[in-house]
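Colleague: Got a structure here, written out as structure tokens. Questions coming.
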Protein chains: 2
Amino acid sequence: MKILFIGGGNIAKIVYKELEEHIEECWYYDIAEKDLPCKRLESFKLPQKADVVVECASVEAVREYGIDVIRSGKDFYIISSGAFSDAEFFNKFMVELNNSTSTVYVPSGAVGGIDIIYAIKNFIEKVELITRKPPKAFGLEHLPLEQTIFTGNAIEAISKFPQNTNVSVTLSLAVGDFNKVNVRIVADPNVDQNIHEINIYSSVGEYKIIHKNKPSPNPKTSYLAPLSLAAALKKRIEKLRIGG
Amino acid sequence: MKILFIGGGNIAKIVYKELEEHIEECWYYDIAEKDLPCKRLESFKLPQKADVVVECASVEAVREYGIDVIRSGKDFYIISSGAFSDAEFFNKFMVELNNSTSTVYVPSGAVGGIDIIYAIKNFIEKVELITRKPPKAFGLEHLPLEQTIFTGNAIEAISKFPQNTNVSVTLSLAVGDFNKVNVRIVADPNVDQNIHEINIYSSVGEYKIIHKNKPSPNPKTSYLAPLSLAAALKKRIEKLRIGG
């Protein structure tokens, strides 16, 4: 595989390590020099030889360079799905995508069960994302019972809890409707780590997924998110593809 | 899409309905005439025009026709993953697959969270599949507390609880190791429907997925399994692919 990474930080490094034996050549575009064994591009330019572009930078990077990637016709893997919460950008991106030879992949990221949601999307009534954190994460102390700090749809949640953006937007894209995803943030004195809980209500079944992710070397990112991105890339070359 | 269905029953019917607008031509091979709007083949013969083969019949059908499909070079979607619990068949199948132009897809099926398992497979210590059923499903009455009826690995579970075969084999294929998947069957007086619970223990996080599937028109099959197969097929033509 010949990969251009947009962003050369912690996530790119984990993805590189997972894919190392399959990488023939790689580049990364980043404003700073990073500890990634790929050639650094100091300005954004798509190497003609690259066969896939992997964004592991930020929502802003998807907005800034996403359309250029699509116009190149190369396949594009996106971890910062939060860029698609902007309906105007999303519509423009989809028009370009439908006129290009690219395929865009948004892996499950920091949560799972997207396989269920995507399969039953036409039968879903509601999806809940409940994020529980210890009270001190919200500056609260001696909380006797859990307390809901926020409740709203995915779009409303983004401005107030930007660290949940990619998860709630990926859920909404899988359902195909931002209004069917409810986000609730809870200060819970009974937990000592962040816990994502997803509840899926549908006419074909009810599902609950509870995630206790461990952080990666960058504590803002779980290990699951970069591993999910690496797994999606590995599927390109696998003859037997499980799940999805 | 031009599809050959192996098996023309309930599952094929749901998949057909989900994909209808994308199907240009279709065939089905089945020992009996079925209510499926595709051309019936009375003996197994791969139509040259078909671009994809979809098995929705049985473990036996995969064993009987799977290698022929691989040799044709066409992509192959399999719901009866249980066929791969036979190590000799699996090895033979993989040798053929690695020499062919086919790609084989085993969708998540009647459970979800395969996206998590596949992403973190190298970090998994253990996966548990706990299937809870009302006591009367095991001929038990007046059970005051839950009772474990069976515990063992996926291979051991198959001979005793064949109705769980595809789920436990798909989990094992995603992990990449049959010995890391434990199956437990529980008679539980507190449930009134079948519940699949998956617990994933790994060095990057812990995950729990609880499924309360509703049955499809054939009560032996959940809706989730055929919808998961249909979703995997739809991804062939989608420009924006979410999850996995």
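The values are calculated or read from the model by the stated rules, or taken from the named source; none is laboratory data. Model, not experiment: these values are computed from the prediction. Positions of Cβ are backbone-derived with ideal geometry, glycine not excepted, and every protein chain shown enters the neighbour counts. For the accessible areas, the whole protein counts, side chains as well, though only heavy atoms, and no ligand, DNA or RNA atoms are used. Shrake-Rupley method; radii C 1.70, N 1.55, O 1.52, S 1.80 Å.
Colleague: Scan segment B:211-225 and tell me whether some residue there is open to solvent by 20 Å² or more (accessible area, probe 1.4 Å) and among the aliphatic types (A, V, I, L, M).
Modeller: No, segment B:211-225 contains no residue that is open to solvent by 20 Å² or more (accessible area, probe 1.4 Å) and among the aliphatic types (A, V, I, L, M).
Colleague: Would you confirm, using the coordinates I've provided, whether A:Ala57 is open to solvent by 10 Å² or more (accessible area, probe 1.4 Å), touching a Ser or Thr at 6+ places or on another chain (Cβ under 8 Å), farther than 22 Å from A:Glu24 by Cβ and among the aliphatic types (A, V, I, L, M)?
Modeller: In short, yes.
Colleague: Could I ask something else about it? Of everything in segment B:86-96, what is hydrophobic (A, V, I, L, M, F, W, C) and either within 21 Å of B:Thr165 (Cβ to Cβ) or not in a helix (DSSP H, G or I) (or both)? Give them in sequence order.
Modeller: Listed by number, the residues that qualify are B:Ala87, B:Phe89, B:Phe90, B:Phe93, B:Met94.
Colleague: When the residues of segment B:194-244 are filtered to those that are farther than 30 Å from A:Ile70 by Cα and among the small types (Gly, Ala, Ser), which remaining residue is nearest to the chain's Cα centre (by Cα)?
Modeller: B:Ala225
Colleague: Another one. Looking at (1) among the basic types (Lys, Arg); (2) open to solvent by 80 Å² or more (accessible area, probe 1.4 Å); (3) under 29 Å from B:Glu238 (Cβ atoms), which is the only condition A:Lys126 fails?
Modeller: Only one criterion in (1) among the basic types (Lys, Arg); (2) open to solvent by 80 Å² or more (accessible area, probe 1.4 Å); (3) under 29 Å from B:Glu238 (Cβ atoms) is unmet by A:Lys126, namely (2).
Colleague: Within segment B:131-178, track down each residue that is among the hydroxyl-bearing types (Ser, Thr, Tyr), touching a strand residue (DSSP E or B) at 6+ places or on another chain (Cβ under 7 Å) and buried (at least 18 other Cβ atoms within 10 Å of the Cβ).
Modeller: Answer for segment B:131-178, where residues must be among the hydroxyl-bearing types (Ser, Thr, Tyr), touching a strand residue (DSSP E or B) at 6+ places or on another chain (Cβ under 7 Å) and buried (at least 18 other Cβ atoms within 10 Å of the Cβ): B:Thr131, B:Ser168, B:Thr170, B:Ser172.
Colleague: Condition (residue is open to solvent by less than 20 Å² (accessible area, probe 1.4 Å), part of a helix (DSSP H, G or I) and of a type in the set (A, V, I, L, M, F, W, C)) applied to segment A:185-207: is it met by at least one residue?
Modeller: no
Colleague: Out of the residues in segment B:95-117 meeting the condition of being more than 7 Å from chain A (Cβ to nearest Cβ) and surrounded by 15 or more Cβ atoms within 10 Å (Cβ to Cβ), tell me which one is nearest to B:Leu173 (Cα to Cα).
Modeller: Here the answer is B:Ile117.
Conditions tested, residue by residue: (1) among the basic types (Lys, Arg); (2) within 23 Å of A:Ala225 (Cα to Cα); (3) open to solvent by 50 Å² or more (accessible area, probe 1.4 Å).
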residue: A:Cys38; (1), (2), (3): no, yes, no
residue: A:Glu42; (1), (2), (3): no, no, yes
residue: A:Ala87; (1), (2), (3): no, no, yes
residue: A:Lys92; (1), (2), (3): yes, no, yes
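Colleague: Hey, among the residues in segment A:123-132 that are modelled with pLDDT of 95 or more and more than 15 Å from A:Ser172 (Cβ to Cβ), which one's farthest from the other protein chains (Cβ to nearest Cβ)?
Modeller: This residue is A:Ile130.
Colleague: So, one more: What pairs come up if the first residue lies in segment A:144-163 and is closer than 25 Å to A:Ser58 by Cβ, the second is open to solvent by 70 Å² or more (accessible area, probe 1.4 Å) and part of a helix (DSSP H, G or I), and their beta carbons are under 7 Å apart, counting only those six or more places apart or on different chains?
Modeller: A:Phe150/A:Lys160; A:Asn153/A:Asn179
Colleague: What is the number of the single condition among (1) at pLDDT 95 or above; (2) outside any helix (DSSP H, G or I); (3) closer than 23 Å to B:Ser58 by Cα that B:Ala110 does not meet?
Modeller: Only one criterion is unmet by B:Ala110, namely (1).
Colleague: Would you mind stating whether A:Lys49 is surrounded by fewer than 20 Cβ atoms within 10 Å (Cβ to Cβ) and either of a type outside the set (Gly, Ala, Ser) or within 19 Å of A:Ala225 (Cβ to Cβ) (or both)?
Modeller: yes
Colleague: Continuing with the same structure: Only one of (1) closer than 23 Å to B:Ser85 by Cβ; (2) at pLDDT 95 or above; (3) of a type in the set (D, E, K, R) is not met by B:Glu146, so which one is it?
Modeller: Single failed check for B:Glu146: (1).
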